[in-house]
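Here the structure is laid out as structure tokens; the discussion comes afterwards.
Taken together, the values in this text are just the output of simple stated rules run on the coordinates, not laboratory data. Computed from a prediction, not measured in an experiment: that's the story for all the values here. Cβ atoms come from the backbone with ideal geometry, glycine included; neighbour counts cover every protein chain shown.
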Ligand SMILES: Nc1nc2c(ncn2[C@@H]2O[C@H](COP(=O)(O)OP(=O)(O)OP(=O)(O)O)[C@@H](O)[C@H]2O)c(=O)[nH]1
Ligand SMILES: C=C(OP(=O)(O)O)C(=O)O
């Protein structure tokens, strides 16, 4: 099965506010972009992925991520993460009516293409499925098969929201890189320990991260 991924990215100057104790205000936009670049590069390199659509209004991110092979979808004026994902999924389905779709967070700097392929193969067994984030209460990937709607419920407690919505939770060993999103300094240390991609490695080399 060949998937289309929908990756949401808010304007870089507003991104990653919970990293304020780890990265100064002037550094956070570049760090958020680096996370997205490593995420998109790994997604594009995944054998199970036919197309990557990034939903963003950020011009710099759009330029850099298009250069990696992503299709850019302008954000919806409705605003908010779930509206952006539903909008992106709608645009994708207009172009490819029966493509399976997976929403993927843009903050997975350790993402490995092989692990993403394992998660997508498992997701393909169910009409809707999701993967919890490494911290536990969140979600990093939500998938819908060829005939299913995404119905995203990202945000606080999205793991239980996705479970309640009827999506199947994927419990898989060996897919840490798909679960390790980065919201806090501790998350960044965990991602660096897994091994991040080249964009995040370059930017985080300039940060003094205690404990890393
Ligand atoms: N296109 C789009 N993406 C969004 C929007 N809100 C959040 N996102 C993206 O959704 C993912 C999770 O977002 P959040 O956890 O809310 O924001 P964040 O920038 O990762 O972190 P914080 O600022 O610390 O909350 C990230 O990839 C964001 O860039 C939105 O309104 N539009
Ligand atoms: C929006 C989510 O991600 P984050 O952990 O980045 O807030 C989520 O887990 O639903």
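Some points to look at:
- Of the peptides 88-94, 115-121, the order by per-residue mean of other Cβ atoms within 10 Å, starting with the highest, comes out as 115-121, 88-94.
- Nearest-ten-degree value, helix 28-44 long axis tilted from longest Cα axis of the chain: 40 degrees
- Principal axis extents of the Cα atoms in segment 3-204, from largest to smallest and rounded to whole angstrom, are 44, 34, 30.
- Between segment 11-52 and segment 129-189, the Cα center-to-center distance that results, in Å: 17 Å
- Degrees, to the nearest 10: 185-194 long Cα axis against longest axis of the chain: 80 degrees
- Rounded tilt (10° steps) of 81-95 against the dominant C-alpha axis of the chain: 50 degrees
- Estimated distance in nm for a label pair at residue 59 and residue 44, the labels positioned 7 Å out from Cα along Cα-to-Cβ: 2.1 nm
- Length-normalised contact order of segment 3-204 in % [C-alpha pairs under 8 Å, at least 6 apart]: 25 percent
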